[in-house]
Amino acid sequence: MNLSKYIFLIFFVFMGFIPYSFAIDTKQSEISALEQQANNGDADAQFELGSKYYQGKGVSQDYNKAIEYFIKAGDQEDTNALYNLGIIYLNGQGVSKDYSKAIDWFTKAANLGYIKAQYNLGVRYQNGQGVSQDDSKAIEWYTKAANQGKATAQYNLGVMYQNGQGVPEDDRKAIEWYTKAANQGDIDAQYNLGVIYSQGQESIRDYKKAIEWYTKAANQGKAKAQLNLGFMHLNGQGIPQDKNQAKEYFKQACLNKFLRACKAYEKLND
């Protein structure tokens, strides 16, 4: 190899290491700056640093360090940090699983209006995880989250009012909450509205509304909604009888592996 080629090769190899080295130095300086800000009491820096240790981004993953910085941020009422501490204890990441401690952290975040924590508390009270099972408490926390627009909380409230869990059974209240969730695209809320309007109390029954909501759920692939639409078209409930349309809905539900729909489809083809 002549001298000019040798010099070029050394230059190329050396230059190849510069971006990598520069990237490492940049990451280290970012972490150092964050640590300084965090140690000076900056809650945003404490949360960000906790997140980096939690995820292993730019640093080696270290749940204990994550907890340390989340606690510092949480002490300054950072709701994301408080919620993440709840998740850490719920899942046992770097600590033993501890539902009771998870509840404590979720409650702190929830009392500051953090929607995910409010919903999570609703789930814990409904299922009795880390707390005594308490449908009334579940309703309380679901309602807080639902009033902030959490669709799954709205759906769960609909179920609880429909079934009388923690509250007197009330289909109208169930409809109210299901509708809020359904308008956000919640497929199960859309389906349940179809059920209430097609099979509920006489004073509530409304086949046209049932078809409207079943159709929305069916268009998202809900096999039960497709099946029920098939029967409504077959029987002329709320719409003129239409066997061809019934067959189409039965076919869709059958393709979604709903055996009852397959049998209904085959029967119409006999």
Legend entry - Positive dipole terminus of the chain, leading residue within G128, Q252, T143 (C-beta point charges): Q252
Legend entry - 0 to 90° range, to nearest 10: angle between helix 223-235 axis and the chain longest Cα axis: 20 degrees
Legend entry - Dipole moment magnitude, nearest 20 debye, the stretch 216-270 about Cα centre, only Lys, Arg, Asp, Glu C-beta charged: 240 debye
Inset, instruction - Would you mind computing, in nm to one decimal, how far apart the modelled labels at N244 and S100 are, each placed 7 Å from Cα along Cα→Cβ? - result: 6.7 nm
Inset, instruction - Quickly estimate the mean residue ellipticity at 222 nm for the chain, helices only: each DSSP H run with n ≥ 4 gives -39500 (n - 2.57), and the total goes over all residues, rounded to 500. - result: -24000 deg cm²/dmol
Inset, instruction - Report, to the nearest 10°, how far helix 99-111 tilts away from the longest principal axis of the Cα atoms in the chain, using its own Cα long axis and a range of 0 to 90°. - result: 80 degrees
Inset, instruction - Mind giving me the FRET efficiency for R205 and S132? R0 is 45 Å, r the Cβ-Cβ distance, nearest 0.05 is fine. - result: 0.75
Inset, instruction - Please state the charge dipole magnitude for the chain, taken about the Cα centre, from unit charges on C-beta atoms (+1 on K and R, -1 on D and E), reported in debye and rounded to the nearest 20. - result: 1100 debye
Legend entry - Dipole magnitude of the stretch 57-200 about its Cα centre (Cβ charges: Lys, Arg +1; Asp, Glu -1), debye to nearest 20: 280 debye
Legend entry - Rounded D (µm²/s) - the chain, Kirkwood Rh over Cα pairs, Stokes-Einstein at 4 °C, 1.567 mPa s: 57 µm²/s
Inset, instruction - For a label point 7 Å from the Cα of D270 along Cα→C-beta, name the residues of the stretch 214-248 whose backbone N is under 20 Å from it. - result: 227-228, 230-236, 242-248
Inset, instruction - Apply the Karplus parameterisation 6.51 cos²θ - 1.76 cosθ + 1.60, with θ equal to phi minus 60°, to every residue of the stretch 202-211 and state each ³J(HN,Hα) to the nearest whole Hz, in sequence, with x for glycine and proline. - result: 4, 5, 9, 4, 7, 5, 5, 5, 4, 4
Legend entry - Under 17 Å from the N64 label point (7 Å along Cα→beta-carbon), backbone N, the stretch 86-129: 89, 92-97
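Read-outs throughout are calculated quantities, based only on the coordinates presented, and are distinct from any laboratory measurement. These numbers were taken from a predicted model, which means no experiment stands behind them. Don't worry about glycine lacking a Cβ; one is built from the backbone with ideal geometry, like all the others, and counts go over all protein chains shown.
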